[in-house]
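K.L.:
Can you keep this structure in mind? I'll have questions shortly.
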Amino acid sequence: MTEFNVQTRTEGSVQILYVKGYLDAHTAPELEDAFNKLIDDKKYKVVVNLKDLNYISSAGLGVFMAYIETMRENGGDIKFSNLKKEVFNIFDLLGFPMLYEFYDDEKEAINKFNEQ
Amino acid sequence: MDFFLQKYFDLSNKRKLGTSVSASLLFVLTKLVLPAESNFLFFLLTELLGLLTFFAWSLFLFDFVYGQSSDPIGILMNSMILGALVYFLLSVSPEYLSAEDNLISLLLRYAFTFVIIASSAYVFVVLRELFFAHQKSNPSLYFNTMVLLFILAALTARMFENNVQYDFIGESLTGIAIAVSVINSIRVAWIAFISKKQKRILLLLSLILIGLFGTIFGFTEKQHSNFLAVLSPALNKLTGLIFLYGTIYFVVVFFTALFHLPTAEAIDRKTHELTSLMDLNKLITRVLDFNELVDTITEMTRDVCNCQSAWLVTAFEDKLEVNSANNIGKEEAETITVTLFNKNMINREGLTELNSLEQAGLVNNLKFQSIIIAPLNIHGKNIGFLFTAKRQSLGFDKEDKVAISAFADYAAVAIENSKLIEQSIEKERMEKELDVAREIQRKILPKEKPAIPYLEVSASFIPAFEVGGDYYDFFKIDEEHSGFVIADVSGKGIQAAFIMAEVKGIFESLSKINLSPKEILSQANEILKKSLDKKSFVTAVYGVLNTKTGKFKFARAGHAPVLHKQNSGIKSYVPRGIGLGISSTPDFIKTLEEMEIQLGNNDIIVLFTDGINESKNARNEEFGYSRLERVIVESGPVSTDDLSSQIIKEISLFAKGNIQHDDITLVIFKWNFKNKLDGEN
């Protein structure tokens, strides 16, 4: 199994999180740490690039649910990009696309933030 | 005799004091009333009463001295003070005390006498306590003989004053008593058991005691100028003999202590080491808290080998962690440890000895000149290291190293034990919790299939080890309508089980009101959004079947698709809908899509949870939707129970003993239109 990790990159006012591997109850705390750090730094515009995410469990989905409100209340958002089909299906089944923005490419998501 | 003494000892202190005072008064009274000078019998009686008073006081004082030989400095100090008092009284008492018969001199004489009796009684019990201390065999015969000789010598001291030819009896008894005293003076075993510091004090004390006691003995020998001798020759003699015995005894004590002094430190250290190891041994079984345990270990190690600093490091898969640092900063300890470890300078099998830290390229702020590192090994596995450091070069001697090794061995066992206990407590707690969760789930799920006309229903549920929070239920709404719900709570264990219980309550009450599936899910969302934490959600499918018309109306909230088998074909319906508890929008109902399908004869509806499609095989592949659909299609015209067991069989063949991570729930129903027709005909 590929190792799970979260990396952060800054582009202008937007933070890009690269979540890699297998996101479940065991690895979720690492993603939470990354979000907590963003909130501590008052950075609320987040693009989550999931090109290397292989699986997400309900605990993983819960992490995004937990932080979305804080981001939106502070004029930011969590937008997703580059999802593999299988992973998108999990989000889709749960109805996430009705609540969150999904993009094929990271650039589009960043541009969306900058348009505002 | 011993029996009576024992009985007497059991009496309370108050009673013993009472007896002592009564004996004293009786003695004074007899002395004043009976003309002892003229009558031998009266003389003997007062002498006996005098001795009785003395022993009564001894027995009373015995309790205050008993068991004090392990720390004898205190009782020896008291003896010195009382000895000085007796010395003072005997040396300053003017001659007229023994001669004059006015009231003041009479009172003074008796007062002084009782002070002397009590003081010598105290010295006597102290000597007795020391005599018996740390004796392996019972030497009471020697001591009792000596006491008996003291009494006889005391009684015969002046008994034959008028018959000089019998003087030899008293003199020879005194001689034998002194000889036995000398023999009894070798009982000084207790000296070996006191610390070096105490031995030094003892040397000084015994010199003072020799001087004091010797002089007191000298005073008692002057029979005509000392008031005590005039008042009671026997008491005078007894006091003399006791102080003489004391003098001889402390001469022996002085020399013994002197010869013991050079080895005292080594003995002290061994004793300290031994008691520390014993303490540690107790800790192993008693201390459950890991941090407390390692702190105690470093503290004791530093104490025993007299070093500047000690720290304990645990190693897990080459990750080092300083768990306790005594007299050194944790960061500093970590720097030294990691540097030495990375340079492979630490031996994992035996002790490592370093003379400087510079050789490892460390800046040595703490000026350590010698470092000893002991590995913590258990069952041949290295679990950490115990570090000790001193500022002197070559500061550790052979005994230190042996002690450090011993501590490291004990520490390894103690740490391993505390970890095992911690693990088993945690495991037990989790198992208890899971038991509760399973029990909740078992009680929540329906116990039997519903009896609905024209409908064949099958429900299978296979719980995962960690309760997954799956839930399904059937509700009979009215004669024509039946409700179905299948739900999956996010999360696992007891938390999921509690949410599941709430979900059951919500659906059970909502199904009683005549609402559409969409409305029911929307209401459920409103309730759950308020009660669930931000990270949790519930997926569900709620459907209502009209058993007369075969119309099946359903809505989905984030849940797995609804499968519909018709003849040899299969359809998968995924009406739009967000999982419950995720969105708090008041327009939630608008996001839900409601579907209505018309079932045909023998059509089958399959509801399931993601435990099925997410079942994994050894290659970490998922069972997926397509495999499930294929199994259903290929099953042919079977009963719902058979279809259910066929699906589960396929899943277990696919997973082949791979651990089941999530609950598996499968609800299948078949609408038997033909039965209905039969029923109507």
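For (1) assigned to a loop (DSSP other than H, G, I, E, B); (2) more than 21 Å from B:F475 (Cα to Cα); (3) modelled with pLDDT of 95 or more, each residue gets a yes or a no:
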| residue | (1), (2), (3) |
| --- | --- |
| B:K512 | yes, no, no |
| B:K530 | no, yes, no |
| B:D533 | yes, yes, no |
| B:A540 | no, no, yes |
| B:A557 | no, no, yes |
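K.L.:
Restricting attention to segment A:77-90, does a residue exist that is under 21 Å from B:S584 (Cα atoms) and either of a type in the set (V, I, T) or facing another protein chain (nearest Cβ under 10 Å) (or both)? Break it down stepwise before answering.
P.N.:
Here is the first cut: in segment A:77-90, the ones under 21 Å from B:S584 (Cα atoms) are A:77-80, A:90.
In the following step, the residues that additionally are either of a type in the set (V, I, T) or facing another protein chain (nearest Cβ under 10 Å) (or both) were identified as A:78, A:90.
Checked segment A:77-90: at least one residue is under 21 Å from B:S584 (Cα atoms) and either of a type in the set (V, I, T) or facing another protein chain (nearest Cβ under 10 Å) (or both).
So that you can scan it fast, the table gives a plain yes or no per residue for (1) at pLDDT 95 or above; (2) in a helix (DSSP H, G or I); (3) more than 57 Å from the chain's Cα centre (by Cα):
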residue	(1), (2), (3)
B:A618	no, no, no
B:S626	no, yes, yes
B:S645	no, yes, no
B:K649	no, yes, no
B:N658	no, no, no
B:D662	no, no, no
B:K670	no, no, yes
B:K676	no, yes, yes
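K.L.:
In addition: Return yes or no: is A:M71 under 14 Å from B:I578 (Cα atoms) and either at the interface with another protein chain (Cβ under 9 Å from one of its Cβ atoms) or not aromatic (F, W, Y) (or both)?
P.N.:
Details: under 14 Å from B:I578 (Cα atoms): no; either at the interface with another protein chain (Cβ under 9 Å from one of its Cβ atoms) or not aromatic (F, W, Y) (or both): yes.
Spelling it out, it is not the case that A:M71 is under 14 Å from B:I578 (Cα atoms) and either at the interface with another protein chain (Cβ under 9 Å from one of its Cβ atoms) or not aromatic (F, W, Y) (or both).
K.L.:
Pick out the one residue from B:N281, B:N327 that is touching a helix residue (DSSP H, G or I) at 6+ places or on another chain (Cβ under 8 Å) and at positive phi.
P.N.:
Working: B:N281 fails: at positive phi.
Matching residue, one of B:N281, B:N327: B:N327.
K.L.:
Say whether the condition of being over 42 Å from the mean Cα position of the chain (by Cα) and charged (D, E, K, R) is met by at least one residue in segment B:233-252. Step through it out loud before you land on a result.
P.N.:
Taking segment B:233-252 first, the residues over 42 Å from the mean Cα position of the chain (by Cα) are B:233-252.
Now restrict to residues that are charged (D, E, K, R): B:237.
Yes, there is a match, as at least one residue in segment B:233-252 is over 42 Å from the mean Cα position of the chain (by Cα) and charged (D, E, K, R).
K.L.:
Same structure again: Which members of segment B:458-485 meet the condition of being within 14 Å of chain A (Cβ to nearest Cβ) and modelled with pLDDT of 90 or more?
P.N.:
Across segment B:458-485, the qualifying residue is only B:D470.
K.L.:
Only residues that are closer than 28 Å to B:Q392 by Cα and part of a strand (DSSP E or B): list them for segment B:290-322, please. Walk me through how you get there before you give the answer.
P.N.:
First pass over segment B:290-322, keeping only residues closer than 28 Å to B:Q392 by Cα: B:294-314, B:320-322.
If the condition is that a residue be closer than 28 Å to B:Q392 by Cα and part of a strand (DSSP E or B), then B:S309, B:A310, B:W311, B:L312, B:V313, B:T314, B:L320, B:E321, B:V322 are the ones that fit.
K.L.:
Can you name every residue in segment B:559-589 that is within 11 Å of another protein chain (Cβ to nearest Cβ), surrounded by fewer than 24 Cβ atoms within 10 Å (Cβ to Cβ) and not in a loop (DSSP other than H, G, I, E, B)?
P.N.:
B:F588
K.L.:
Look through B:T113, B:T174 and report the one residue that is in the same structural domain as B:E265 (by TED's automatic domain parsing) and under 22 Å from B:L17 (Cα atoms). First the steps, then the outcome.
P.N.:
Details: B:T174 fails: under 22 Å from B:L17 (Cα atoms).
So the residue among B:T113, B:T174 that is in the same structural domain as B:E265 (by TED's automatic domain parsing) and under 22 Å from B:L17 (Cα atoms) is B:T113.
K.L.:
Taking the options B:V251, B:V322, name whichever one is surrounded by 13 or more Cβ atoms within 10 Å (Cβ to Cβ), closer than 30 Å to B:I216 by Cβ and modelled with pLDDT of 80 or more.
P.N.:
On the way: B:V322 fails: closer than 30 Å to B:I216 by Cβ.
Going through B:V251, B:V322 in turn, the sole match is B:V251.
K.L.:
Let me ask something else about it. Quick one: count up the residues across segment A:9-38 that are within 14 Å of chain B (Cβ to nearest Cβ), part of a helix (DSSP H, G or I) and not aliphatic (A, V, I, L, M).
P.N.:
Going through segment A:9-38 one residue at a time, the tally reaches 4.
K.L.:
Filter segment B:591-615 for residues that are within 10 Å of chain A (Cβ to nearest Cβ), more than 16 Å from A:N89 (Cβ to Cβ) and not in a loop (DSSP other than H, G, I, E, B) and give the result.
P.N.:
B:T591
K.L.:
Step by step: first the residues of segment A:51-62, then only those that are closer than 14 Å to A:F96 by Cα and among the polar types (S, T, N, Q), then the one that is farthest from the other protein chains (Cβ to nearest Cβ). Which residue is that? First the steps, then the outcome.
P.N.:
Step one: filter segment A:51-62 for residues closer than 14 Å to A:F96 by Cα, giving A:56-58, A:60-62.
Those still in the list that are among the polar types (S, T, N, Q) too: A:57-58.
Working: A:S57: 9, A:S58: 4 Å.
For segment A:51-62, the residue satisfying everything is A:S57.
K.L.:
Continuing with the same structure: Exactly one condition in (1) out of contact with any helix residue (DSSP H, G or I) (no Cβ under 6 Å at 6 or more places or on another chain); (2) assigned to a strand (DSSP E or B); (3) within 14 Å of chain B (Cβ to nearest Cβ) is not met by A:V48; state its number.
P.N.:
(3)
K.L.:
Same structure again: For residues that are closer than 17 Å to B:F88 by Cβ and at pLDDT below 85, scanning just segment B:216-228, find the one that is surrounded by the fewest Cβ atoms within 10 Å (Cβ to Cβ). Spell out the reasoning first.
P.N.:
Looking only at segment B:216-228, we keep the residues that are closer than 17 Å to B:F88 by Cβ, and these are B:216-220, B:222, B:225-228.
Retained after the next criterion (residues that are at pLDDT below 85): B:222, B:225-228.
Working: B:K222: 11, B:S225: 15, B:N226: 22, B:F227: 24, B:L228: 28.
My answer is B:K222.
K.L.:
Also: If you check B:E129, B:E47, which single one turns out to be of a type in the set (D, E), surrounded by fewer than 22 Cβ atoms within 10 Å (Cβ to Cβ) and assigned to a helix (DSSP H, G or I)? Before you say what the answer is, go through the steps one by one.
P.N.:
Values: B:E47 fails: surrounded by fewer than 22 Cβ atoms within 10 Å (Cβ to Cβ).
Answer to the selection: B:E129.
K.L.:
Quick check on segment B:333-386: of everything there that is over 23 Å from B:V413 (Cα atoms) and basic (K, R), which residue is modelled with the highest pLDDT?
P.N.:
B:K343
K.L.:
Condition check: within 14 Å of another protein chain (Cβ to nearest Cβ) and modelled with pLDDT under 95. Does A:A109 satisfy that? Talk me through it step by step, then tell me what you get.
P.N.:
Details: within 14 Å of another protein chain (Cβ to nearest Cβ): no; modelled with pLDDT under 95: yes.
Answer is no for this residue.
K.L.:
Which residue, of A:M98, A:M65, is at the interface with chain B (Cβ under 9 Å from one of its Cβ atoms), crowded, with 21+ Cβ neighbours inside 10 Å, out of contact with any strand residue (DSSP E or B) (no Cβ under 8 Å at 6 or more places or on another chain) and within 23 Å of B:T585 (Cβ to Cβ)? Lay out the reasoning, then the answer.
P.N.:
Details: A:M98 fails: crowded, with 21+ Cβ neighbours inside 10 Å.
Exactly one residue qualifies, and that residue is A:M65.
K.L.:
What is the residue count in segment B:56-77 for residues that are in a helix (DSSP H, G or I) and buried (at least 17 other Cβ atoms within 10 Å of the Cβ)? Explain how you work it out, then say what you get.
P.N.:
From segment B:56-77, those in a helix (DSSP H, G or I) are B:56-65, B:68-70, B:73-77; that's our starting set.
Narrowing further to those that are buried (at least 17 other Cβ atoms within 10 Å of the Cβ): B:56-62, B:65, B:68-69, B:75-76.
So the count comes out to 12.
K.L.:
Still on this structure, I have one more. Which ones in segment B:106-147 are within 19 Å of B:P72 (Cα to Cα) and free of Cβ contacts under 8 Å to residues at least 12 places away in the same chain?
P.N.:
Applying the first criterion (within 19 Å of B:P72 (Cα to Cα)) to segment B:106-147 yields B:119-136.
Correct list: B:K136 only.
K.L.:
Here is a check on your reading of the model: is B:L545 within 14 Å of another protein chain (Cβ to nearest Cβ) and in contact (Cβ under 8 Å) with a residue 24 or more places away in the chain?
P.N.:
Numbers: within 14 Å of another protein chain (Cβ to nearest Cβ): no; in contact (Cβ under 8 Å) with a residue 24 or more places away in the chain: yes.
Against the criterion (within 14 Å of another protein chain (Cβ to nearest Cβ) and in contact (Cβ under 8 Å) with a residue 24 or more places away in the chain), B:L545 does not qualify.
K.L.:
Answer yes or no as to whether B:P637 is closer than 23 Å to B:K548 by Cα and in a loop (DSSP other than H, G, I, E, B).
P.N.:
yes
K.L.:
Can you tell me which residue is nearest to B:Y8 (Cα to Cα) among those in segment B:19-44 that are surrounded by fewer than 18 Cβ atoms within 10 Å (Cβ to Cβ) and among the aromatic types (F, W, Y)?
P.N.:
The extreme case among them is B:F42.
The values are calculated or read from the model by the stated rules, or taken from the named source; none is laboratory data. Note that the structure is predicted; figures quoted are calculated from it, not measured. Glycine also receives a Cβ, built like all others from the backbone with ideal geometry; neighbour counts cover every protein chain displayed.
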